[in-house]
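K.L.:
The structure that follows is given in the form of structure tokens.
No lab work stands behind these numbers, since they all come straight from the coordinates. From a predicted model like this one, the values you see are computed outputs, not experimental measurements. Backbone-built Cβ (ideal geometry, glycine too); neighbour counts: all protein chains shown.
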Amino acid sequence: MYETIQVVHSYLAYIVLAILFFAVANAIIGWVNNKMFTMEKDLRLSLFALIFSHIQLLIGLLLFFVSPSGLKAIQTLGMGGLNAPARLLAVEHPFINIIAIVLITIGWSRHKKFMEGRKKFKTISIFYGLGLILILSRIPWNQWFN
């Protein structure tokens with residue numbers, strides 16, 4: 001079960017990163033060019049980024065509880081016994097990604113309060129962009145490409 005969840009979490013990460021990247025790029029372009037915020041493209045892209053990032057978070061939390069490098073590592077070794085790679089997987093990756101998803105969710109909630117497209121794009125650019133940067137900062141790259 002653990003291996004299956006880990007594979008799903010790893011492959012879904014590519015999809016989430018791609019959608020988030022496109023949502024942030026679209027929002028920055030819309031903000032800079034002062035475009036109208038459309039339901040067909042802009043809203044759906046932002047919504048898909050929100051949905052897929054939340055699904056990824058749920059799978060990641062499930063993985064945290066069943067993985068030997070998640071909660072079990074903390075229980076076995078204690079916080080002081082974790083080396084840098086183990087700390088990344090058990091503490092930093094989950095914590096920072098929860099913060100990233102919270103930022104993305106705040107961006108989604110805040111953009112709905114504005115009527116003007118420029119403000120909607122600005123809000124999504126900032127919050128989704130910060131979320132994307134945080135996610136990229138805590139990906140265990142050495143394990144992802146092995």
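K.L.:
For the range 17-103, report the convex hull volume of the alpha-carbon atoms normalised per residue, in Å³, without decimals.
P.N.:
Per-residue hull volume (Cα only) is 100 Å³.
K.L.:
Sticking with this one: Where a Cα-Cα gap under 23 Å defines reach, which lysines qualify for LYS113, not counting those fewer than 8 residues away within the same chain?
P.N.:
LYS35, LYS41, LYS122
K.L.:
What aspartates and glutamates sit close enough to LYS119 to cross-link, taking a C-alpha to C-alpha distance under 15 Å and skipping anything fewer than 8 places away on the same chain?
P.N.:
Partners found: ASP42.
K.L.:
So which trypsin sites (Lys or Arg not before Pro) in the range 62-144 are both in a DSSP loop and have at most 12 other Cβ atoms within 10 Å of their Cβ?
P.N.:
Sparse-neighbourhood loop trypsin sites (Lys or Arg not before Pro): LYS112, LYS113.
K.L.:
Over the Cα atoms, compute the radius of gyration (one decimal) and Dmax (the largest Cα-Cα distance, rounded to a whole number) for the chain, in Å.
P.N.:
16.9, 53
K.L.:
By per-residue mean of other Cβ atoms within 10 Å, what is the highest-first order of 94-105, 35-46?
P.N.:
The peptides rank, most packed first, as 94-105, 35-46.
K.L.:
Using the Cα centre of the chain as the reference point, and only Cβ charges (+1 on K/R, -1 on D/E), how large is the resulting charge dipole? Debye, rounded to the nearest 20.
P.N.:
Taking the Cα centre of the chain as origin, the dipole is about 580 debye.
K.L.:
Calculate one ³J(HN,Hα) per residue across the range 119-132 by plugging θ = phi - 60° into the Karplus curve 6.51 cos²θ - 1.76 cosθ + 1.60, and present them in order as whole Hz with x for glycine and proline.
P.N.:
Those phi angles translate into 5, 4, 4, 4, 4, 5, 4, 5, 6, 5, x, 4, x, 5 Hz.
K.L.:
Which of ILE96, GLN143, PHE22 sits closest to the plus end of the dipole of the chain, meaning its Cα is farthest towards the positive end, when Lys and Arg get +1 and Asp and Glu get -1 on the C-beta?
P.N.:
About the Cα centre, the residue reaching furthest to the positive side is PHE22.
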